[in-house]
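Visitor: Please see the structure below; I have some questions.
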Amino acid sequence: MADDPDQWKYEPAHDLGLPPLARMRSHRREAGLFSASARLAWWTGWSAVLRVWNRLRVVGREHLPSSGSYILVANHESHLDVFALTAALPMRTRAHFVPLSAEDVFFDRPTRTFFAAHILNALPVRRGAGVRHGFAAIRERLLIEPTIYALFPAGERSRDGGFLPFRSGIGMLVASTDIAVVPCHIEGAFEALRPQTKLIRPARMTVTIGAPRVFKDEPDNREGWDRIAAVLERDVRALGHEPFVEEPKL
Amino acid sequence: MTVQHLFTVSDAFDDPLVVWSTAVACALLVVAFAAIQVLRRLGVTAPELHRELMVRTISWSWLLAIIGAAILLGRGTTILAVLVLSLLAYRDFARATGVFRVRSLSIVVTLGMIALACASADRWHRLYFALTPLVIVLLAVITIPRDEPRGFVQRVGLAIMGFVLFGTALGYLGLLTDTPRYRALLIFLIAAIQLNDIFAFIVGRTLGGPKLIPNTSSGKTISGSVGAVILTTILVVVLGRFLFADTLMGSWTTLIGLGVASSIAGQLGDLGLSSIKRDIGIKDFAAAIPGHGGVLDRFDSLILVPPVLYHIISFVNGPLGG
């Protein structure tokens, strides 16, 4: 009876047994009905705002993998960037969207952690020296369940609207793996919402999605990481300069 | 106004039993904290144990404050608190069994529990009873369009079990607010069930002896179980003589029956939830309440008692809710 293949199989929540705060920070976190609904309302509401107020346009949506896990990388010039990225995703995959957010900003206080975990569905990532810490866990999640990470490889928001160079952290995450990385360029977010301003201006916004890349052959060392960061930065920059030209390479 | 009966606070302390039980609950907390501090000063409890005791007692204070406030503030808040308890209990159950991943079932269960609460609030007992089969039918059909026959019986079975145990059975607490002295009744119900657990623990520890059902719950003994039935029945008879004075429920034989049935239902709730945990292979349902585990770990023995109490009262005193 014990080996009967037709027996019921229980798969408890992957984060079962963690105290509330540890659960919110856990990469194994699984959402219930409350956070799933709150999140859907949050992202869809913002998506509607950007589409109407900022006439958000999405170019190259056909490049998005139709299923499975992948990582979106983009330039980061405004708080609106993350909303623009979710708006670019098809509705049915929005539940899998997980922004990788700075631990020191979004996960420092219980209230903010609650918001980041339950509304944004964010996961904490360390910045600077400890950046590799927790990458194994973050990669593991991609395999456990369909997950779409959003990551801004520059590691910080540009304060003047200029393009900040990508850091090698993204390389450490994906070097020598099968993980697909989708470069995206966000245009107009800085004009719509600058630092220190509260109101969103009706500036036109465009998200351009490029062809996915896989870095299976890149070595998992400093050279490989730097090369990956450079390749992705070039991709994103190219998307920004020529938003209408599709790049059929790869 | 028809909703006035939901939010009447002014009569909270009209019932002397409510005054007394509130005073006793507050006194118990003060005594508990004082005892913990004294034991610490005397060096009886090690720092580790002291911290554990403090965490548990602080959690208890919060639970008592929430339960007490909900019951004292009136029927509306009591029913709302029962609804929240139902939802949290189902959440623990669904996360442990994995059925929470099927969103459509969670939505139906949630709406069903809200409907039960509305039926309680409206004193519409017939709707309450009709909702259980209706929701079960809806749960049975809602996942058909997914076109995933694999695991169909499991997910539907789990959702129905969750709804009936934590929605219907626990929801009777809300329906019981449609009795004249519901505040005292609910306070006594909760107190008797918690004491039932404590009686079983103390008698079992003192007398020892053979285990009750060791595969399900390793700690429970036959002596503890029988001891709890006897002591809880005595408690129910003594309290019931005050609570049900001047009604048919107040007779000795009825109260003895009520005591025995409540004690057994309390223990079965505890053991039933233990069976679920053993089957899945987990120790606790969650870790939401510091020192106690999940909501379901704390309130497991409360789940099966409300329907027993309701139907005995309804049978003896005449149907509730017209």
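The values are calculated or read from the model by the stated rules, or taken from the named source; none is laboratory data. From a predicted model like this one, the values you see are computed outputs, not experimental measurements. Here the Cβ positions follow ideal geometry from the backbone for every residue, glycine too, while neighbour counts run over all protein chains shown.
Visitor: With the structure loaded, tell me whether residue B:288 is within 24 Å of residue B:81 (Cβ to Cβ) and within 14 Å of chain A (Cβ to nearest Cβ) or whether it fails that test.
Guide: On the way: within 24 Å of residue B:81 (Cβ to Cβ): yes; within 14 Å of chain A (Cβ to nearest Cβ): yes.
Against the criterion (within 24 Å of residue B:81 (Cβ to Cβ) and within 14 Å of chain A (Cβ to nearest Cβ)), residue B:288 qualifies.
Visitor: Can I ask one more? Looking at segment B:295-322, which of the residues that are of a type in the set (Gly, Ala, Ser) and at pLDDT 90 or above is farthest from residue B:95 (Cα to Cα)?
Guide: Among residues in segment B:295-322 that are of a type in the set (Gly, Ala, Ser) and at pLDDT 90 or above, the one farthest from residue B:95 (Cα to Cα) is B:314.
Visitor: Could I ask something else about it? Can you tell me how many residues in segment B:231-256 are over 18 Å from residue B:179 (Cβ atoms) and either surrounded by 15 or more Cβ atoms within 10 Å (Cβ to Cβ) or in contact with a Lys or Arg (Cβ under 6 Å, 6 or more places away or on another chain) (or both)?
Guide: 6
Visitor: Quick check on segment B:7-19. Is at least one of its residues in a helix (DSSP H, G or I), among the hydroxyl-bearing types (Ser, Thr, Tyr) and more than 14 Å from chain A (Cβ to nearest Cβ)? Steps first, please.
Guide: Just the residues of segment B:7-19 that are in a helix (DSSP H, G or I), to begin with: B:16-19.
Going one step further and asking which of them are among the hydroxyl-bearing types (Ser, Thr, Tyr), we end up with none.
No; the residues of segment B:7-19 include none that is in a helix (DSSP H, G or I), among the hydroxyl-bearing types (Ser, Thr, Tyr) and more than 14 Å from chain A (Cβ to nearest Cβ).
Visitor: Could I ask something else about it? Can you tell me which residue in segment B:33-90 is surrounded by the most Cβ atoms within 10 Å (Cβ to Cβ), limited to those that are touching a residue at least 24 places away in the same chain (Cβ under 8 Å) and among the basic types (Lys, Arg)?
Guide: Looking at the filtered set, the residue picked out is B:75.
Visitor: Kindly provide the set of residues from segment A:212-229 that are in contact with a strand residue (DSSP E or B) (Cβ under 6 Å, 6 or more places away or on another chain) and among the small types (Gly, Ala, Ser), ordered by number.
Guide: So in segment A:212-229, the residues in contact with a strand residue (DSSP E or B) (Cβ under 6 Å, 6 or more places away or on another chain) come out as A:212-214.
Across segment A:212-229, there are no qualifying residues.
Visitor: Can you tell me how many residues within segment A:110-145 are modelled with pLDDT under 90 and not in a helix (DSSP H, G or I)?
Guide: 8
Visitor: A follow-up question, please. State yes or no: is residue A:49 surrounded by fewer than 18 Cβ atoms within 10 Å (Cβ to Cβ) and among the β-branched types (Val, Ile, Thr)?
Guide: Against the criterion (surrounded by fewer than 18 Cβ atoms within 10 Å (Cβ to Cβ) and among the β-branched types (Val, Ile, Thr)), residue A:49 qualifies.
Visitor: Name every residue in segment B:148-203 that is away from chain A (no Cβ under 14 Å), among the aromatic types (Phe, Trp, Tyr) and without any contact (Cβ under 8 Å) to a residue 24 or more places away in the chain, in order of residue number.
Guide: Across segment B:148-203, the qualifying residue is only B:201.
Visitor: Are any residues in segment B:266-285 closer than 13 Å to residue B:93 by Cα and more than 14 Å from every other protein chain (Cβ to nearest Cβ), and if so, which ones?
Guide: Passing the criteria: B:272, B:273, B:274.
Visitor: Select from segment A:135-162 the residues that are more than 16 Å from the chain's Cα centre (by Cα) and within 18 Å of residue A:225 (Cα to Cα) and list them in ascending order.
Guide: Once the filter is applied, which keeps residues that are more than 16 Å from the chain's Cα centre (by Cα) and within 18 Å of residue A:225 (Cα to Cα), segment A:135-162 yields only A:136.
Visitor: Output the residues belonging to segment A:25-35 that are within 12 Å of chain B (Cβ to nearest Cβ), assigned to a helix (DSSP H, G or I) and within 25 Å of residue A:126 (Cα to Cα).
Guide: Across segment A:25-35, the qualifying residue is only A:35.
Visitor: Moving on to the next point. Can you name the number of the only condition in (1) farther than 23 Å from residue A:118 by Cβ; (2) assigned to a helix (DSSP H, G or I); (3) touching a residue at least 60 places away in the same chain (Cβ under 8 Å) that residue A:51 fails?
Guide: With (1) farther than 23 Å from residue A:118 by Cβ; (2) assigned to a helix (DSSP H, G or I); (3) touching a residue at least 60 places away in the same chain (Cβ under 8 Å) applied to residue A:51, the lone miss is (3).
Visitor: I've got another one for you. Of the residues A:223, A:218, only one is at pLDDT 90 or above, among the acidic types (Asp, Glu), more than 15 Å from the chain's Cα centre (by Cα) and not in a loop (DSSP other than H, G, I, E, B); which? Spell out how you get there, then give the answer.
Guide: Values: A:218 fails: not in a loop (DSSP other than H, G, I, E, B).
Every option except A:223 fails the conditions.
Visitor: For segment B:90-120, what are the residues that are facing another protein chain (nearest Cβ under 8 Å) and in contact with a Leu (Cβ under 7 Å, 6 or more places away or on another chain)? Reasoning before the result, please.
Guide: Taking segment B:90-120 first, the residues facing another protein chain (nearest Cβ under 8 Å) are B:91, B:94-98, B:100-101, B:103, B:106-107, B:110.
Across segment B:90-120, the qualifying residues are B:95, B:96, B:97, B:103, B:106, B:107, B:110.
Visitor: Of (1) outside any helix (DSSP H, G or I); (2) touching a residue at least 40 places away in the same chain (Cβ under 8 Å); (3) surrounded by fewer than 16 Cβ atoms within 10 Å (Cβ to Cβ), residue B:219 satisfies all except one. Which?
Guide: (2)
Visitor: Can we say residue A:78 is under 21 Å from the mean Cα position of the chain (by Cα), under 16 Å from residue A:93 (Cβ atoms), buried (at least 16 other Cβ atoms within 10 Å of the Cβ) and away from every other protein chain (no Cβ under 14 Å)?
Guide: For residue A:78, the condition - under 21 Å from the mean Cα position of the chain (by Cα), under 16 Å from residue A:93 (Cβ atoms), buried (at least 16 other Cβ atoms within 10 Å of the Cβ) and away from every other protein chain (no Cβ under 14 Å) - is not met.
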